[in-house]
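Novice: The structure's right below; bear with me while I get my questions together.
All of the numbers you see were taken from the coordinates with simple rules; none came from a lab. If you're wondering where the values come from, they're calculated on a predicted model, not measured in any experiment. Cβ placement follows ideal geometry from the backbone for every residue including glycine, while neighbour counts extend to all protein chains displayed.
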Amino acid sequence: MKSPSLLSSKIYAICTLFVAALLSLFAGISAAKEADLSGATGSISLEVFSRLSPIEINTIHSWEIVLSDGNGPMSGATLEIVGGMPEHNHGMPTQPQITEELAPGRYLLEGVRFHMPGLWRMTASISTAETQGRPPSVVVIDFTL
Ligand SMILES: [Cu+2]
């Protein structure tokens, strides 16, 4: 029969390997999850993680929008998103709405749908309690579908 100390050191080694494997798995997942779209203005950066990735035409879906500034995640911000096709002079077929702050600085935008291939422009107007009474910060993101 093996001595208890040998057995416990074997269990320890197996656990260490298991944790290392898990960590490398998570590192791989987080590295793979890059923003689908991003933009910035001043110290504010905006990243779009589409729940439909890659984004497809004519499929209604949601975006998770991550806002941060020089101090970290921007919690409690008011975010309005307007989209359209600048070359066609029309808007989106839907009016996407922010419905929830999923985590500090991470907002859920529901009702996103693009109905045509071509150049799309999303304009995000961002205001916070600190910037009340001043014009919102505006981030413009152009992309082609
Ligand atoms: Cu169009």
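Novice: Just grab the label-to-label distance for Gln97 and Thr144, each label 7 Å out from Cα along the Cβ direction, in nm (one decimal).
Specialist: Going by the 7 Å Cα→Cβ label model, 3.5 nm.
Novice: Using only Cα positions of region 35-144, each an equal point scatterer, no hydration layer, compute I(q)/I(0) via Debye at q = 0.10, 0.11 Å⁻¹ and quote the log10 values to two decimals.
Specialist: -0.27, -0.32
Novice: Given a Förster distance of 30 Å, report the FRET efficiency between Asn71 and Leu119 from their Cβ-Cβ distance, rounded to the nearest 0.05. Intermediate results must be reported in sequence, preceding the final value.
Specialist: Working: r = 33 Å, r/R0 = 1.11.
Rounded to the nearest 0.05, the efficiency is 0.35.
Novice: Quick one: go through region 85-117 and flag any residue whose amide nitrogen is under 17 Å from the point 7 Å out along the Cα-to-Cβ line of Ile60.
Specialist: Counting backbone N atoms under 17 Å from the label point, the list is 92-100, 109-116.
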